[in-house]
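The values are calculated or read from the model by the stated rules, or taken from the named source; none is laboratory data. In this text the structure is predicted, and so the values were computed from the model without any measurement. So basically every Cβ, Gly included, is an ideal-geometry build from the backbone, and we count neighbours across all protein chains shown. Surface areas here come from the heavy atoms of the whole protein model, side chains and all, with no ligands, DNA or RNA. Shrake-Rupley method; radii C 1.70, N 1.55, O 1.52, S 1.80 Å.
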Amino acid sequence: MSRFICDVCGEEIFVHEGILTWTRDNETLSNFTLSHKNSPENRCQPEANNRFKDLYTLTMITGYLDFIKYLIERWENGFTLKDADSLERVLQQLNMHMNEKVIMLTEEED
Ligand SMILES: [Zn+2]
C-alpha cells in the first residue's frame with residue numbers, strides 16, 4: 001500500500017493518526033494540509049486551519065466522495081480556491097490510495 005506523508009514534518013502518517021485540515025473564510029478555501037493529528041508526539045496541525053476531516057474517513061469511498069461533494073457545493077456557492085497546489089497535493093495522495101484499494105478489490109475477485 002502507498003504511504004501517506006505528512007505535509008508538515010515529512011514523516012509517514014498512519015491512517016488513524018492523520019488529519020486533513022484547511023482554512024475556510026467567507027469566500028475562500030485554502031491551505032489544505034494532510035498532517036499528523038496533534039498529540040504528545042506530533043504538533044503538525046496548522047493552527048490557522050479551521051476545518052478538518054479525519055484521514056481515516058477520507059480513505060473510505062463514502063468519506064472520500066463526501067469530501068469531493070463538499071468542495072463542489074462550496075464552489076457552487078461561490079467560494080474560490082486559494083493556493084490550489086495544496087489541494088492538488090492532498091488529492092494526489094488520496095487518489096493513489098483509492099487507486100490501490102480498487103486494484104486490490106478487483107484482484108480479490110479473480
Ligand atoms: Zn507530521
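Only one of the numbered conditions (1) of a type in the set (A, V, I, L, M, F, W, C); (2) in contact with a strand residue (DSSP E or B) (Cβ under 7 Å, 6 or more places away or on another chain); (3) open to solvent by 60 Å² or more (accessible area, probe 1.4 Å) is not met by Ile13, and that is (3).
Quick check: anything in the range 67-81 surrounded by fewer than 12 Cβ atoms within 10 Å (Cβ to Cβ), more than 16 Å from the ligand (Cβ to nearest atom), in a helix (DSSP H, G or I) and among the acidic types (Asp, Glu)? Yes: one or more hits.
To keep it simple, each residue is scored yes or no on (1) in contact with a Gly (Cβ under 8 Å, 6 or more places away or on another chain); (2) farther than 25 Å from Glu76 by Cα; (3) not hydroxyl-bearing (Ser, Thr, Tyr).
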{"position": "Val15", "(1), (2), (3)": "no, yes, yes"}
{"position": "Cys44", "(1), (2), (3)": "no, yes, yes"}
{"position": "Asn50", "(1), (2), (3)": "no, no, yes"}
{"position": "Lys53", "(1), (2), (3)": "yes, no, yes"}
{"position": "Thr59", "(1), (2), (3)": "no, no, no"}
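What's the total number of residues in the range 49-66 that are open to solvent by 60 Å² or more (accessible area, probe 1.4 Å) and either over 17 Å from Gly18 (Cα atoms) or charged (D, E, K, R) (or both)? Residues flagged as open to solvent by 60 Å² or more (accessible area, probe 1.4 Å) and either over 17 Å from Gly18 (Cα atoms) or charged (D, E, K, R) (or both) within the range 49-66 amount to 4.
Filtering the range 83-104 to residues that are open to solvent by 100 Å² or more (accessible area, probe 1.4 Å) and modelled with pLDDT under 95 leaves only Met96.
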